[in-house]
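What follows is calculated from the coordinates using simple rules that are stated; it is not laboratory data. These figures come from a predicted structure and were not determined experimentally. Don't worry about glycine lacking a Cβ; one is built from the backbone with ideal geometry, like all the others, and counts go over all protein chains shown.
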Amino acid sequence: MNQNAQRILSNPKFQELIAKRSAFAWTLSVAMLVIYYGFILLVAFGKGFLGTPIGAGVTTWGIPIGLFTIVSAFILTGIYVNRANGEFDELNRQIMEDLK
Amino acid sequence: MRAATTRIAGALAAAGALVPAAVHAAAVEGAVQKQATNWEAILMFLAFVLFTLGITYWAARRTKSAKDFYAAGGGITGFQNGLAIAGDYMSAASFLGIAGLVYANGFDGLIFSVGWLVGWPIILFLVAERLRNLGKYTFADVASYRFQQTPIRTLSACGSLATVTFYLIAQMVGAGKLIQLLFGMDYIWAVVIVGVLMIGYVTFGGMLATTWVQIIKAVMLLSGASFMAFMILAKFGFSPEAMFQAAVSVHPKGVAIMSPGALITDPVSAISLGMALMFGTAGLPHILMRFFTVADAKEARKSVFYATGFIGYFYILTFIIGFGAILMILAPDANGAYPFLTAAPAAGAKAAITSIIGGTNMAAIHTAHAVGGDLFYGFISAVAFATILAVVAGLTLAGASAVSHDLYASVFAKGRANEADEIRVSKITTVIIGIVSIFLGIAFENQNVAFMVGLAFVIAASANFPILLMSMFWGKMTTRGAVIGGTIGLVSSVTMLVLGPTVWKAVLGNPAAIFPYDNPGLFSITLSFVAIWFFSITDNSEQAQKERRDFEAQYVRSQTGLGAEGASAH
């Protein structure tokens with residue numbers, strides 16, 4: 001293994017970056033999967049609920065829940081990119097700086 | 001009428017879990033009648049072609065090195081790449097198909113849109129930046145990073161070419177049928193035009209032209225769809241409730257279109273479908289290539305963020321357009337006529353969904369006509385053609401790169417090929433793929449090709465994705481595990497799909513399917529992962545030990561971008 005890689009591996013900041021970023025990425029992944037499979041399970045087993053009108057109209061609960069699932073995908077990516085392009089990239093920059 | 005609706009439900013149930021894949025495939029199936037020549041559409045399409053050829057000329061002058069040709073010099077921004085990725089995803093058929101599903105079934109169309117979207121956040125969280133940090137031009141660069149080049153590159157190239165070929169056939173046949181219907185042009189001419197233009201974009205303009213063609217089309221499609229959704233909502237004073245009420249009152253299924261129907265009942269199919277969509281997206285070679293066109297991991301992340309936003313927005317628009325279609329097509333117009341139905345309903349009865357001219361996939365096109373007149377109808381038709389063109393160009397470039405970069409430069413020339421030769425091989429391959437796909441398009445004109453996109457997705461999910469993911473995440477993986485696991489994924493996915501209801505029963509006409517599920521994803525993906533694991537941990541060869549030791553360096557690069565490819569100087 002080359003020397004730089006070895007030095008990065010033993011840098012505590014690298015360990016910190018990996019720990020924080022993995023925990024964050026997996027948490028958001030699980031959140032997305034729970035939302036998506038929650039929706040699919042509602043479709044498979046909770047048709048009655050999704051088909052219940054909200055109030056007196058014909059708009060059912062299924063509509064806002066479906067839209068929420070779509071919007072949540074976008075929001076979760078936004079949350080990740082915001083932290084990764086800020087905090088994580090800064091940490092990464094410091095790690096590369098330490099090589100010099 | 002009841003018979004007609006039952007038939008639709010039956011057809012959808014038969015296509016089952018592959019419906020969304022089919023939606024991405026041929027927009028128009030079966031025999032279509034050639035329509036009167038649509039001059040507005042032809043003129044607008046010509047304007048698009050001239051403009052994109054201008055861009056190709058501009059791109060050609062900037063395309064000199066291999067990095068320019070495969071990865072647009074690495075100088076695409078995250079926002080541009082997000083639009084291009086969204087463009088790859090928003091095919092003509094997903095626009096027409098999902099709007100058609102909503103028109104016929106209401107709420108159920110939304111379920112599919114959601115399934116198509118949720119893979120993107122996962123790709124961002126777990127794959128995007130590692131991929132960008134490790135790769136150069138093709139996903140095989142990443143998959144083979146610390147392994148023996150020849151076997152892994154050969155397998156990855158086979159996976160890429162299989163995916164690209166099935167996807168291309170479906171797109172070519174879809175293009176021919178759609179153009180015949182929209183432009184009033186002969187099928188064969190439509191296929192030849194698509195083939196020749198894509199050869200032109202890719203050979204001269206490489207990835208730079210391919211990306212810009214995709215961006216322009218994405219902007220056209222998003223603007224057109226936004227305009228339609230705006231016009232539809234405006235008719236109801238921007239009250240979705242008012243729109244839903246009107247739709248319920250004219251749709252033969254009535255209030256049932258507001259709740260989930262019979263499309264997804266069995267959880268195994270639902271999970272299998274979800275896995276194939278999610279992992280398939282992350283294993284499509286033409287989409288993975290786009291991650292190498294941006295400067296660094298930061299831009300790669302932004303790409304996915306913008307792409308998710310555009311795709312999600314597009315699906316919400318398609319949902320509104322589908323409901324608009326119910327109102328424009330099934331309700332009488334101001335003169336009391338039904339211009340988009342083959343026959344007006346009997347007095348007092350509701351119009352049948354299936355009496356729509358051209359089939360349910362024409363729902364969005366008719367709606368365009370109703371809200372925007374002849375000129376807008378021409379515009380949307382031109383957008384549909386442009387969409388197919390942009391998607392096939394990306395596919396062709398991915399196929400050509402697998403041959404030139406993986407097979408020629410790495411396997412055949414063992415890394416000793418010079419750049420000029422590699423690009424030449426790539427251009428020759430592009431011409432060959434173009435010509436072959438024209439012939440395949442003609443050969444498959446009267447075949448049912450909808451299952452082929454499903455096949456492409458399942459192969460991508462079962463052969464390409466497991467190797468790619470495990471090579472980045474699991475240090476104990478070896479060449480042997482990768483080759484055996486990938487091969488098992490490839491063979492098992494194709495076999496189970498062919499023996500399943502979509503091909504064995506629906507295409508080959510056998511009375512019953514041997515494999516019970518439409519989508520083998522759950523099984524073939526699992527098999528592939530288990531095989532990679534098993535054949536890696538039992539591998540104690542000298543080579544395997546070395547590959548395991550090399551993981552740490554790969555890991556550092558994947559996490560930090562140490563030594564990663566940068567953007568080229570110009």
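What is the sum of charges around B:PRO501, taking Lys and Arg as +1, Asp and Glu as -1, for the other residues whose C-beta is under 15 Å from the C-beta of B:PRO501?
Local charge sum for B:PRO501: -1.
What order do you get for B:TRP39, B:TRP533 when you list them from fewest to most C-beta neighbours inside 10 Å?
On the way: B:TRP39 12, B:TRP533 17.
Neighbour counts put them in this order, fewest first: B:TRP39, B:TRP533.
Can you tell me, using C-alpha contacts under 8 Å and at least 6 residues apart, the relative contact order of chain B as a whole percent?
It rounds to 30 percent for chain B.
How many partner chain Cβ atoms sit within 10 Å of a residue's Cβ in peptide A:28-38, on average, as a whole number?
Working: counts 5, 5, 1, 2, 8, 5, 0, 3, 9, 5, 0.
Going residue by residue through A:28-38 and averaging, the value is 4.
Cross-link partners among aspartates and glutamates for B:LYS505, C-alpha distance below 18 Å, same-chain residues fewer than 8 apart left out?
B:GLU29, B:ASP518
What nm value, rounded to one decimal, do you get for the distance between B:LYS476 and A:TRP26 when each label is placed 7 Å out toward the C-beta?
1.6
Hey, got the average number of other protein chain Cβ atoms within 10 angstrom for residues in B:291-298?
That average works out to 2.
Pop a pseudo-label 7 angstrom from the Cα along the beta-carbon direction at both B:LYS136 and B:GLN148 and give the gap in nm to one decimal.
Result for the modelled spin labels: 2.1 nm.
Loop-only check: which trypsin sites (Lys or Arg not before Pro) in the range B:325-423 are DSSP coil with at most 14 other Cβ within 10 angstrom?
Those satisfying the criteria are B:LYS414, B:ARG416.
Relative to the present Cα-Cα distance, how much length would full extension add between B:LYS414 and B:ALA349 at 0.36 nm per residue of separation?
16.3 nm is the gain from fully extending B:LYS414 to B:ALA349.
Among B:VAL371, B:THR538, B:VAL114, flag the residue with its Cα farthest along the positive direction of the charge dipole of chain B, charges on Cβ as +1 for Lys/Arg and -1 for Asp/Glu.
Final value for the positive-end residue is B:THR538.
Partner chain Cβ atoms within 10 Å, averaged over the residues of B:240-246 - can you pull that number for me? Kindly include the intermediate steps, with their values, before the conclusion.
Details: counts 4, 8, 3, 2, 6, 3, 1.
Neighbouring Cβ atoms belonging to other protein chains average 4 per residue here.
Calculate the dipole size of the range B:2-560 relative to its Cα centre from +1 charges on Lys and Arg beta carbons and -1 charges on Asp and Glu beta carbons; express the result in debye to the nearest 20.
So the dipole magnitude of the range B:2-560 works out to roughly 740 debye.
Evaluate 2.2 N^0.38 Å with N set to the residue count of the range B:42-168, then give the Cα radius of gyration divided by it.
Numbers: Rg = 18.6 Å, N = 127, 2.2 N^0.38 = 13.9 Å.
Normalised Rg, Cα atoms only: 1.34.
Evaluate E = 1/(1 + (r/R0)^6) for B:GLN545 and B:ALA337, where r is the Cβ-Cβ distance and R0 equals 51 Å; express this FRET efficiency to the nearest 0.05. Mind dumping the intermediate values first?
On the way: r = 77 Å, r/R0 = 1.51.
Efficiency, from the Cβ-Cβ distance: 0.10.
Taking N as the number of residues in the protein assembly as shown, what is its Cα Rg relative to 2.2 N^0.38 Å? Could you put the intermediate results ahead of the total?
On the way: Rg = 24.5 Å, N = 670, 2.2 N^0.38 = 26.1 Å.
Working it through for the protein assembly as shown, the quotient is 0.94.
Given all pairs of different Cα atoms, what value in angstroms does the Kirkwood hydrodynamic radius of the range A:23-98 take?
Taking the inverse mean of 1/r over all distinct Cα pairs, the range A:23-98 comes out at 14.8 Å.
For the range B:131-142, what does the Karplus curve 6.51 cos²θ - 1.76 cosθ + 1.60, with θ = phi - 60°, yield as ³J(HN,Hα) per residue in whole Hz, taken in order and with x for Gly and Pro?
4, 5, 5, 8, x, 10, 10, 10, 5, 5, 4, 6
What's the exposure ranking of B:LEU197, B:LEU468, B:LEU43, going from fewest to most Cβ atoms within 10 Å? Walk me through the intermediate numbers first.
Details: B:LEU197 21, B:LEU468 28, B:LEU43 12.
Fewest-to-most Cβ neighbours within 10 Å comes out as B:LEU43, B:LEU197, B:LEU468.
Ranking B:ASP333, B:ASP518 by Cβ neighbours within 10 Å, fewest first, what do you get?
B:ASP333, B:ASP518
Report the rotationally averaged projected area of the range B:360-445 based on its alpha-carbon convex hull, in square nanometres.
For the Cα atoms of the range B:360-445, the hull's average projected area reads 7.8 nm².
Looking at this model, which pairs from A:LYS47/B:LYS235; A:LYS13/B:LYS298; B:LYS177/B:LYS350 are more than 22 angstrom apart at the alpha-carbon? Before the final figure, lay out each step's value.
Numbers: A:LYS47/B:LYS235 30 Å; A:LYS13/B:LYS298 19 Å; B:LYS177/B:LYS350 30 Å.
In this structure, A:LYS47/B:LYS235; B:LYS177/B:LYS350 lie more than 22 Å apart at Cα.
Considering all projection directions equally, how large on average is the shadow of the alpha-carbon convex hull of chain B, in square nanometres?
On the way: hull surface 98.2 nm².
The orientation-averaged projected area of the Cα hull of chain B comes to 24.6 nm².
Apply the Karplus parameterisation 6.51 cos²θ - 1.76 cosθ + 1.60, with θ equal to phi minus 60°, to every residue of the range B:388-399 and state each ³J(HN,Hα) to the nearest whole Hz, in sequence, with x for glycine and proline.
Those phi angles translate into 5, 4, 5, 5, 5, 4, x, 4, 5, 4, 5, x Hz.
Could you pull out every one of the aspartates and glutamates with an alpha carbon less than 19 Å from that of B:LYS476, ignoring same-chain neighbours closer than 8 positions?
Within reach: B:ASP141, B:ASP539, B:GLU542, B:GLU547, B:ASP550, B:GLU552.
Using +1 at the Cβ of each Lys and Arg and -1 at the Cβ of each Asp and Glu in chain B, identify which of B:MET470, B:ASN105, B:LEU327 lies farthest towards the dipole's positive end.
Most positive-ward Cα: B:MET470.
What is the Cα centroid distance between the range B:161-237 and the range B:112-160, reported in whole angstrom?
25
Counting other C-beta atoms within 10 Å, and keeping those with at most 10, which DSSP coil chymotrypsin sites (Phe, Trp or Tyr not before Pro) do you find in the range A:1-45?
none
Using each residue's phi in the range B:36-52, evaluate 6.51 cos²θ - 1.76 cosθ + 1.60 at θ = phi - 60° and report the 3J(HN,Hα) Karplus result to the nearest Hz, with x for Gly and Pro.
4, 4, 9, 5, 4, 5, 5, 5, 5, 5, 4, 4, 4, 5, 4, 4, 5
State, to one decimal in nm, how far the label point of B:THR37 lies from the label point of A:GLU97, with both points 7 Å from Cα in the Cβ direction.
With each label placed 7 Å out from Cα toward Cβ, I get 6.8 nm.
Once the dipole of the protein assembly as shown is set up with Lys and Arg at +1 and Asp and Glu at -1 on Cβ about the Cα centre, which of B:GLY454, B:VAL503, A:LEU28 lies farthest towards its positive end?
Checked the options; the winner is A:LEU28.
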